[in-house]
Every structure is written in C-alpha cells, then in structure tokens.
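Enquirer: Got a structure for you, questions after.
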C-alpha cells in the first residue's frame with residue numbers, strides 16, 4: 001500500500017499553485033492535510049501526476065467573519081476550527097458535529113475544505129455545509145466563482161470542481177440568534193464513517209433536515225411546522241425519497257428506519273434548542 | 001521551491017525527537033516509511049496504511065498524527081516526535097509507559113507506540129483528563145489484545161501520578 005510516484009510542488013503563492021493546476025489539467029491534485037487523499041494514494045485509487053501542497057500558503061490559513069458568514073480558508077485544519085473560540089456561538093451545528101468527525105488524530109491534520117473536496121456521502125462537514133445552506137469558493141487561474149453547497153456536491157465523491165480549479169474557502173452561514181441546531185449520527189464505532197448522520201436547523205423560516213450516508217451525496221429537506229401525525233408521514237416520505245442502498249454496513253431498510261428515528265430526534269432537539 | 005521530480009529523492013529537513021535531521025525521500029514516501037526505513041526508528045509501527053488502525057501515530061508539531069497518512073515531504077520544517085523520545089533515558093520507561101506495564105496495558109505491543117503518542121499529547125494538554133476523554137482518544141486506535149480496559153486504567157493511573165507530581169501538597 002504505497003502511493004504511485006508523482007511530482008510534488010510547494011508553491012509560495014496562490015498564483016503559482018493555480019498555474020500548476022492549470023498546466024496539470026486533470027492530472028494535478030491539491031494536497032492539504034492529506035487525511036482523505038493519502039489513503040486514496042496509498043490504495044492507488046488516486047494516481048495524480050502532480051501534487052500541489054497548499055499548506056504553506058498563509059493566505060489560506062484563516063478563519064474570518066464576513067458579514068453573516070464564517071469563511072474558512074483551504075489551509076485551516078479541522079482541529080483549528082474545532083478550537084476556534086467563537087465556534088459554539090457562531091457555528092453551533094459544527095460544534096455538535098465535530099465529535100463525530102473522524103478521530104482526534106485525523107482532525108489534527110485534516111482540513112475543513114479537504115473534507116468538502118473529498119465529498120464522501122457520509123461525511124459530517126459536507127452534511128453540515130449543505131444543511132446550513134453554505135457555499136464553496138472556487139478559484140482557477142482564469143476565474144473565481146462561488147457555488148452553493150447543494151450544487152457543489154453532485155454525486156458519490158463527485159463535485160462541481162473543474163479541472164484547474166481549487167477550493168479557496170468554504171462559507172458557513174453564521175448562526176442566527178434564537179435558532180436551534182442539532183447533529184446526530186449512528187455508526188458502528190465512534191469515529192467510523194456514519195451509517196446515517198442527521199443535521200437539523202430550526203429557525204423562523206421553519207425546520208430543515210440534512211441527511212448523510214443514505215443517498216450519494218448529503219441531502220437537505222425543508223419541513224413545514226407539522227403536528228405529530230403529519231410529521232410521521234413527512235419524514236417517511238423523505239426516507240423513501242432517498243436512494244437508500246444495501247451494503248456491507250447496513251441494509252437500505254435499516255437506513256430508512258434510521259432516517260425516520262434519528263431524523264425525528266435531531267429535529268426535536270433542534271426545535272427544543274430554539275425554544 | 002521548484003517542482004520536485006517524481007523519479008528522484010529530495011531532501012527533507014525537519015526536527016526529529018529534538019534533533020535536526022536531513023533525510024532523503026522520494027515524493028511518494030510516507031512519513032512512516034521514512035522513519036522506519038531511512039532513519040531506522042522502528043518504534044513507529046505500520047498496520048493498515050490507510051489511517052484506520054492508529055499503530056503509526058506520531059506527534060507532528062505537538063499533535064497526534066498518522067504517519068501513514070503523511071507524506072515525508074509534508075513534514076519539512078516540522079517538529080516530529082516518535083515513541084523513541086518518550087523516555088529521556090533508554091534504560092527507563094516514561095511514567096506513561098511504566099503505567100502501561102503496571103496495568104497490563106499491552107500484550108503483543110503492536111498498537112502500543114501509537115497509543116502512547118496519542119495519550120502523551122492528551123495528558124500534556126489536559127492533565128485532568130478523565131475516562132471519557134481517554135476513551136475518545138483511544139477511539140482512534142485499534143488493539144486486538146487487551147479489550148482496552150487495561151489501557152484506560154493505565155492512562156488514568158499515569159494522569160493521576162502526573163497530577164500528584166505537579167501539585168505535591170494536594
């Protein structure tokens with residue numbers, strides 16, 4: 001289990017990184033913390049001709065508040081955001097999600113944007129970003145563009161990232177006063193990939209439920225305020241609308257049942273936090 | 001730095017267990033292999049090589065990290081610590097290592113170096129760590145011998161001992 005060979009570049013500016021990515025086309029990949037990419041390299045599921053290490057670009061290593069958004073640069077490690085003093089106030093959903101996210105040992109190296117770029121359908125950070133209605137800043141040598149999270153994830157480990165582009169930052173909407181947030185997950189063991197993970201937001205616009213681990217990407221569903229009977233039907237419809245599949249970890253039926261039970265608990269907790 | 005060619009070895013300068021070292025590594029070389037095969041420190045064990053088992057855990061800039069998920073070139077300029085640095089004297093065990101021995105926190109010992117490196121950070125950063133925090137840190141490690149209970153006991157004992165040393169009058 002050793003990576004195939006590749007050229008390696010430690011650019012000193014973002015422009016240099018973007019030029020290398022443009023030149024490399026589909027054969028060049030960005031490496032940040034490496035906690036998703038290096039396993040893929042080791043198993044030779046990824047065989048890039050060039051890796052561009054962006055962790056020495058100071059401009060990407062910032063967490064900034066911009067209006068009603070928290071902007072997390074591509075070089076920010078997961079543990080750095082987890083330890084960010086305003087996390088609980090501004091991103092309570094992430095504060096609830098972090099304990100589920102890999103292990104202390106992988107959060108210490110892995111980046112927030114790296115997990116977004118990897119786009120594992122059961123991963124906590126893509127789920128949180130989609131549920132909050134966040135966005136991804138992409139940049140290539142020629143242009144910059146911002147893509148809504150829900151449009152960024154297009155399938156199983158597939159994103160809207162084009163050749164020559166890199167993620168420059170992700171934008172998490174800041175928590176609004178009086179809103180409730182909750183995150184729950186079921187996995188085989190602590191730190192394993194989720195069988196099903198749920199994130200919920202309760203605010204003055206109603207309820208939103210995000211679900212990971214069932215469909216080929218994280219999905220989010222708005223729910224109107226419902227009484228208990230209607231609620232059962234609504235969440236059952238959601239469970240059936242997801243393209244649940246059997247695999248070695250769980251059956252499709254079990255996943256749907258988790259959507260119903262875990263989804264309900266997560267929504268209740270978010271509503272309670274709001275109250 | 002210029003683009004580093006895949007076919008050649010390139011220097012990696014970093015601090016290893018308090019000493020400045022220069023090693024040579026191909027771009028594709030993992031930190032775990034650099035430590036074991038190029039430098040000869042075989043205390044860092046290699047299990048799954050995809051970040052699941054935790055046997056290769058070392059400390060990079062004071063934080064626990066998987067050596068098998070780190071390219072050697074990524075630690076250029078970093079401070080790396082391995083299990084060999086835990087005890088200042090090779091003839092003695094560190095307090096954490098001694099607690100593992102006392103509480104039978106290991107049998108075959110394959111997972112032990114990684115676990116020690118994770119717990120060493122935890123006990124340094126949070127001297128009052130309790131059972132839950134210890135278990136959370138251990139969740140990043142697989143041990144097939146002990147059932148973990150003795151490892152938790154060893155870590156709790158080491159934490160207790162460390163607290164007594166820091167506050168001898170309490």
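Enquirer: Name the residues in the stretch A:71-80 that are surrounded by 21 or more Cβ atoms within 10 Å (Cβ to Cβ) and away from every other protein chain (no Cβ under 14 Å), would you?
Expert: A:72, A:73, A:74, A:76
Enquirer: For the stretch B:1-37, what are the residues that are surrounded by 21 or more Cβ atoms within 10 Å (Cβ to Cβ), more than 8 Å from every other protein chain (Cβ to nearest Cβ) and assigned to a helix (DSSP H, G or I)?
Expert: B:31, B:32, B:34, B:35
Enquirer: Follow-up. Could you go through the stretch A:40-52 and let me know if any residue there is more than 10 Å from chain B (Cβ to nearest Cβ), touching a strand residue (DSSP E or B) at 6+ places or on another chain (Cβ under 8 Å) and under 19 Å from residue A:141 (Cα atoms).
Expert: No, every residue in the stretch A:40-52 fails to be more than 10 Å from chain B (Cβ to nearest Cβ), touching a strand residue (DSSP E or B) at 6+ places or on another chain (Cβ under 8 Å) and under 19 Å from residue A:141 (Cα atoms).
Enquirer: Going by what's in this entry, would residue B:45 be described as assigned by TED's automatic domain parsing to the domain that holds residue B:63 and assigned to a helix (DSSP H, G or I)?
Expert: So residue B:45 fails the test.
Enquirer: So residue A:177 passes all but one of these: (1) in contact (Cβ under 8 Å) with a residue 24 or more places away in the chain; (2) over 25 Å from residue A:74 (Cα atoms); (3) not in a strand (DSSP E or B). Which condition number does it fail?
Expert: Answer for residue A:177: the failing condition is (1).
Enquirer: Another question, if that's okay. Kindly provide the set of residues from the stretch B:48-59 that are more than 7 Å from chain A (Cβ to nearest Cβ) and either surrounded by fewer than 19 Cβ atoms within 10 Å (Cβ to Cβ) or within 9 Å of the chain's Cα centre (by Cα) (or both), ordered by number.
Expert: Selection gives B:48, B:55, B:56, B:58, B:59.
Enquirer: When you go through A:15, A:23 one by one, which is the residue that is more than 19 Å from the chain's Cα centre (by Cα), in a helix (DSSP H, G or I), free of Cβ contacts under 8 Å to residues at least 24 places away in the same chain and not assigned by TED's automatic domain parsing to the domain that holds residue A:146?
Expert: None of the others qualify; the one that does is A:23.
Enquirer: Here is a list of conditions, (1) touching a strand residue (DSSP E or B) at 6+ places or on another chain (Cβ under 9 Å); (2) within 9 Å of another protein chain (Cβ to nearest Cβ); (3) surrounded by fewer than 16 Cβ atoms within 10 Å (Cβ to Cβ), and residue A:66 meets all of them except one; can you say which number that is?
Expert: (2)
Enquirer: Can you name every one of the helices (runs of 4 or more DSSP H) wholly within the stretch A:48-129 that holds 1 or more residues which are within 17 Å of residue A:191 (Cβ to Cβ) and within 14 Å of the chain's Cα centre (by Cα)?
Expert: Filter on the stretch A:48-129 gives A:78-82, A:92-97, A:104-107, A:112-118.
The values are calculated or read from the model by the stated rules, or taken from the named source; none is laboratory data. All values derive from a computational prediction rather than experimental measurement. Here Cβ is always computed from backbone atoms with ideal geometry, including for glycine, and neighbour counts include all displayed protein chains.
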